[in-house]
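Structure first, commentary second.
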């Protein structure tokens, strides 16, 4: 068996994936990469993040709006507590499952996730959305697209290895199968090139928005 393929098949646990303590540069790069998502969340007063990751986004947002994070892995939560931005922010951290959110209906103005849905099958994505819309009128999600770069060691920088990398129409079909209508738009987290003062963006991420029916 090809040892490289064997290595690529091994999926790191979330606590392994996030075991490195983020530097200030890491934190600021992640925040600046997801400005379209952050802009929408800053219009809210109470937000809930599903899946903590490095804690960079919630750490930033917690300085501006009431921010709660739901994280199922206690080791990930401990690692994120070492994030320099998260440590100094006012964030309420709760250990729990985003498919069974332990809050009452309409507790938040929006729920959001970044880099989460692509790791789950359709039915579980639908459960994230259903629970998100129970506790907030809007669900926002950022996912890497089919154009996300596969470079570096094992061709997966910032990828765990089990992602579904899809385009806008494919994600809208996934959500429509659960009965949801989604607005979606691409955004880059880096520029492919700058030529004569013009930058060429690369659509590495998709911002999905689902609103509760009125």
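The values are calculated or read from the model by the stated rules, or taken from the named source; none is laboratory data. Computed from a predicted model, the values in this text were never measured in an experiment. Methodologically, a virtual Cβ is constructed for each residue, glycine included, from the backbone with ideal geometry; neighbour enumeration extends over all protein chains shown.
A few notes on this one:
- Scanning the stretch 90-117 for residues that are out of contact with any helix residue (DSSP H, G or I) (no Cβ under 9 Å at 6 or more places or on another chain) and under 18 Å from residue 168 (Cα atoms) yields one hit, 115.
- Those residues of the stretch 18-38 which are part of a helix (DSSP H, G or I) and either at pLDDT below 80 or more than 17 Å from the chain's Cα centre (by Cα) (or both), in sequence order: 24, 25
- Residues that are under 16 Å from residue 140 (Cβ atoms) and part of a loop (DSSP other than H, G, I, E, B) within the stretch 53-66 comprise 53, 64, 65, listed in sequence order.
- From the options 43, 10, residue that is modelled with pLDDT under 90 and out of contact with any strand residue (DSSP E or B) (no Cβ under 8 Å at 6 or more places or on another chain): 10
- Residue ID - surrounded by the most Cβ atoms within 10 Å (Cβ to Cβ), chosen from residues in the stretch 171-198 that are over 20 Å from residue 37 (Cα atoms) and modelled with pLDDT under 70: 192
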